[in-house]
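Everything below concerns the one structure shown next.
Each value in this text was obtained by applying a stated rule to the coordinates, not by laboratory testing. Being a predicted model, the structure only gives us computed values, none of them experimental. Neighbour counts are summed over all protein chains in view; Cβ atoms, including those assigned to glycine, are modelled from backbone coordinates with ideal geometry.
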Amino acid sequence: PLHPGDMYMDEHAVRIRAGLLNVITWVAIMNVFYMRNLLLVNVIFGIVSWEFVTSMLFGLTPFAPLGIIATLVAVLLQPSALWKPANPKRFAWGIGLMLALSCFIIVQLKDEIDEKDFKAAVAAIALTCNLFTWLESSAGFCVGCFVYNNVLVKYLGKKECAECKL
C-alpha cells in the first residue's frame, strides 16, 4: 500500500462480492417482473442495505455477510491479496445503497405509480445495479471509483486514489 495509514481492501474479495451482488440483482429483477413477491423485495433490500452500510463503515468483514463469504473465497482462490484503497469503494457502495433504497421506495409505492412508469423506473434502477456489479466483478471496472477519481477529486477536493486511477 502507498498510504499505510489508510484503510485497504482486497480487490479479489471486492470483485467476488460484486459477483454475489450481481446474482442478487438478477433475483430482484426476476422477482419484480415475474414473481412479484413483496416479502422477497423486503428480504433482498434488507440483505443488500445491511451489506452496503456495514461495508461502508467497517469494511468487508466482520459484519457484511457477502463480504465474509467473498473474503473466504478470495483467500481460497487468490491467497495473495491485491490491496486497494477503501475510500473509493466506500463511495461506490454508497451509490449502491442509494440505488437499492430508490428501488425499495418505488416498490413500496407501486400502487401509487402508473404500472408502465413503475416498471420503467424499477427496470432502470435494477439494470443499473446489475450493470455496475457486472462491470466490477467481470471487467474489474468500478463505476463508483471512476466517479470518485474524476468528480469528487476534481470538484470536491477529495484525495486522489492513484492506486485505482484509470
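Remark on residue 9: its backbone amide H falls under 5 Å from those of 84, 86, a criterion applied only to residues 5 or more positions apart or on other chains, H modelled at 1.01 Å from N.
Around the amide H of residue 141, modelled in the peptide plane, lie the amide H atoms of 136, all under 5 Å away and 5 or more residues distant in sequence or on another chain. Here the Karplus relation 6.51 cos²θ - 1.76 cosθ + 1.60, evaluated at θ = phi - 60°, turns the backbone of segment 143-149 into coupling constants of 4, x, 5, 4, 5, 3, 6 Hz, with x for every Gly and Pro. Each Cα pair under 8 Å and six or more residues apart adds its sequence gap; the mean of these over the residue count of the chain is a relative contact order of 32 percent.
For the set 119/154; 84/159; 84/119, the pairs lying more than 25 angstrom apart at their alpha carbons are 119/154; 84/119. 3J(HN,Hα) along segment 26-34: 5, 4, 5, 4, 4, 5, 5, 9, 10 Hz, from the Karplus curve 6.51 cos²θ - 1.76 cosθ + 1.60 with θ = phi - 60°, whole Hz, x for Gly and Pro.
Between residue 83 and residue 27, the distance separating the two model label sites (each 7 Å from Cα on the Cα→Cβ line) works out to 3.4 nm. Computed from the Cβ-Cβ distance with R0 of 25 Å, the FRET efficiency linking residue 42 to residue 131 stands at 0.60. Residue by residue, segment 41-58 carries 3J(HN,Hα) couplings of 4, 5, 5, 4, 4, x, 5, 5, 5, 4, 4, 5, 4, 5, 5, 5, 7, 10 Hz when phi is fed to the Karplus relation 6.51 cos²θ - 1.76 cosθ + 1.60 (θ = phi - 60°); x denotes Gly or Pro.
Between the entries (1) 18.6, 67; (2) 15.8, 50; (3) 16.5, 52, the label attached to Rg and Dmax of the Cα atoms in Å calculated for this structure is (3).
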